[in-house]
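The values are calculated or read from the model by the stated rules, or taken from the named source; none is laboratory data. None of the values given here were measured: they were computed from a predicted structure. With ideal geometry, Cβ positions are generated from the backbone for all residues, glycine too; neighbour counts draw on all protein chains shown.
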C-alpha cells in the first residue's frame, strides 16, 4: 500500500532536467543535468512569470504542494487545460508516476494511443509513456512516428546532452534511469 501512496501524485514526480546555468532548489548538478534530491519539487523551465501554484528558482519554476501539472504553452491550450501566462495548467488533478503518459507537444502527428488537441497530443487510457524520437528509440521503447513509446518494462528515458547524469545509463541518444 505504501507504494501506491508514493506514486499517487497530483503532479509528475521530480525528475532529472536539463541544466540552464544553475540548478533549481532541491536539485544537484550532474554534467548538463539537474538531478532531484528525494525531497525535490516538480520543476519546469521558466518562461516569463511562473504559472499559478509555482514559485521561481533561478531559470525554473517549482511546484507548490497545491500546484497542478503545467506544460509550456504552444498556441491554444489543449482540452482539459487552462491558460496561465506562458503555460497551460491541467484543470483536474491526475495521478502520476514516472512513466505515466502525459500531454505532449505534437510533432507532425500524434503517436499511437494519443489524440490531437491543437498543437498537443493527449493520451488515451491505453496510451504508453512517449518521448520525442531522436533518430532511433532507446532500449525498451518502440517507434510510433516521431515518438518512442515505452514498453511495460521500459525505464524512464531523457534525451542525452553530453554524458548521462548520475542514476542514468547511456542508450544511444538517450539516458535511461537505473
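For every residue, the table says whether it meets (1) within 24 Å of residue 42 (Cβ to Cβ); (2) under 14 Å from the mean Cα position of the chain (by Cα).
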position: 86; (1), (2): yes, no
position: 91; (1), (2): yes, no
position: 97; (1), (2): yes, yes
position: 128; (1), (2): yes, yes
position: 140; (1), (2): yes, no
position: 170; (1), (2): no, no
position: 174; (1), (2): yes, no
Check your understanding: In segment 107-128, what residues are in a loop (DSSP other than H, G, I, E, B) and without any contact (Cβ under 8 Å) to a residue 12 or more places away in the chain?
Key -> 124, 125
**Study point:** Residues of segment 153-165 classified as surrounded by fewer than 21 Cβ atoms within 10 Å (Cβ to Cβ) and either more than 18 Å from the chain's Cα centre (by Cα) or assigned to a strand (DSSP E or B) (or both), total
**Key:** 5
Review point. When residue 3 is evaluated against the numbered criteria (1) within 18 Å of the chain's Cα centre (by Cα); (2) at pLDDT below 95; (3) under 29 Å from residue 164 (Cβ atoms), which criterion, by number, is the only one it fails?
Key: (1)
Practice item. Tell me which of these residue 131 doesn't satisfy, since it passes every other one: (1) closer than 23 Å to residue 36 by Cβ; (2) without any contact (Cβ under 8 Å) to a residue 24 or more places away in the chain; (3) part of a strand (DSSP E or B). Key: (2)
Practice item. Name the strands (runs of 3 or more DSSP E) wholly inside segment 10-91 in which the number of residues that are buried (at least 18 other Cβ atoms within 10 Å of the Cβ) is 3 or more. Key: 33-36, 60-63, 87-90
